[in-house]
Amino acid sequence: MVTALPAATGDYIADAVLGQIDFAHNGINNTNAASLNSPSQMAVDLNSSPEHLYVVDGSNNRILGWNNASSFTNGQNADIEIGQPDFETTRCNSGTALGDVAGLGADSLCLPGGVAVDSAGDLYVADTSNNRVLEYNQPFAQAIAFGFAANAIFG
């Protein structure tokens, strides 16, 4: 479950929740564009307008992205998904691109551990179980919802 807190001093009550339908439920991982399973790190692209939000969905072996970090609502579907061929697949290394080896390739992730965004809007993903870092050029500018392939692999 990921909750949103505004930056206002003294405001300690979340305003919205991602990964569940509301604050009062914590259902099982019913994998779709709104579910999360072991979310961890997040990154906000402060140089985009609107500001994009990326969340590591570790046990689903993917990164979910919301186009507008300031306007999402409880249980809102993610706009993009990185690391899986669709919003329902969760297996480690489920790549489908030509040249993948047993699902491992530039289009797959296995237990991602962190995300960061640079000033150009490029996304970096620590693909922990594959011992590498992947770079994706401006994911929201690519006009696709899933099927992303990294443009650079480090490690």
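Of the residues C92, C110, only one is assigned to a loop (DSSP other than H, G, I, E, B), in contact with a strand residue (DSSP E or B) (Cβ under 8 Å, 6 or more places away or on another chain) and closer than 20 Å to A33 by Cα; which?
On the way: C92 fails: in contact with a strand residue (DSSP E or B) (Cβ under 8 Å, 6 or more places away or on another chain).
Of the residues listed, the single one that is assigned to a loop (DSSP other than H, G, I, E, B), in contact with a strand residue (DSSP E or B) (Cβ under 8 Å, 6 or more places away or on another chain) and closer than 20 Å to A33 by Cα is C110.
Among the listed residues G99, G114, G105, identify the single one that is out of contact with any Asp or Glu (no Cβ under 6 Å at 6 or more places or on another chain), over 19 Å from V56 (Cβ atoms) and open to solvent by less than 20 Å² (accessible area, probe 1.4 Å).
On the way: G99 fails: open to solvent by less than 20 Å² (accessible area, probe 1.4 Å); G114 fails: over 19 Å from V56 (Cβ atoms).
One residue alone meets the criteria, G105.
Run down L18, L53 and say which single residue is farther than 18 Å from A149 by Cα, modelled with pLDDT under 95 and part of a strand (DSSP E or B).
Values: L53 fails: modelled with pLDDT under 95.
Going through L18, L53 in turn, just one is farther than 18 Å from A149 by Cα, modelled with pLDDT under 95 and part of a strand (DSSP E or B): L18.
So G75 fits all but one of (1) out of contact with any Asp or Glu (no Cβ under 6 Å at 6 or more places or on another chain); (2) at pLDDT 95 or above; what number is the exception?
(2)
For the condition under 19 Å from N29 (Cβ atoms) and under 13 Å from the mean Cα position of the chain (by Cα), what is the one hit in E81, E88? Steps first, answer last, please.
Numbers: E88 fails: under 13 Å from the mean Cα position of the chain (by Cα).
Step by step, each of E81, E88 is checked, and only E81 is under 19 Å from N29 (Cβ atoms) and under 13 Å from the mean Cα position of the chain (by Cα).
Determine whether region 68-91 contains at least one residue that is open to solvent by 50 Å² or more (accessible area, probe 1.4 Å), of a type in the set (G, A, S) and closer than 30 Å to D15 by Cα.
Yes, region 68-91 contains a residue that is open to solvent by 50 Å² or more (accessible area, probe 1.4 Å), of a type in the set (G, A, S) and closer than 30 Å to D15 by Cα.
Scan (1) touching a residue at least 12 places away in the same chain (Cβ under 8 Å); (2) out of contact with any Gly (no Cβ under 9 Å at 6 or more places or on another chain); (3) loosely packed, with under 15 Cβ neighbours inside 10 Å for the single condition I21 breaks and write down its number.
Going through the list (1) touching a residue at least 12 places away in the same chain (Cβ under 8 Å); (2) out of contact with any Gly (no Cβ under 9 Å at 6 or more places or on another chain); (3) loosely packed, with under 15 Cβ neighbours inside 10 Å, I21 breaks only (2).
Taking region 133-155, which residues are among the polar types (S, T, N, Q) and in a loop (DSSP other than H, G, I, E, B)? First the steps, then the outcome.
At the first step, the residues of region 133-155 found to be among the polar types (S, T, N, Q) are 137-138, 142, 151.
Within region 133-155, N137, Q138, N151 meet the criteria.
The values are calculated or read from the model by the stated rules, or taken from the named source; none is laboratory data. What you see is a predicted model; the values in this text were computed from it and never measured. A quick note on method: Cβ atoms are made from the backbone with ideal geometry, for glycine too, and the neighbour counts reach across all protein chains shown. These area figures cover heavy atoms from the full protein model, side chains too; ligands, DNA and RNA do not enter into them. Shrake-Rupley method; radii C 1.70, N 1.55, O 1.52, S 1.80 Å.
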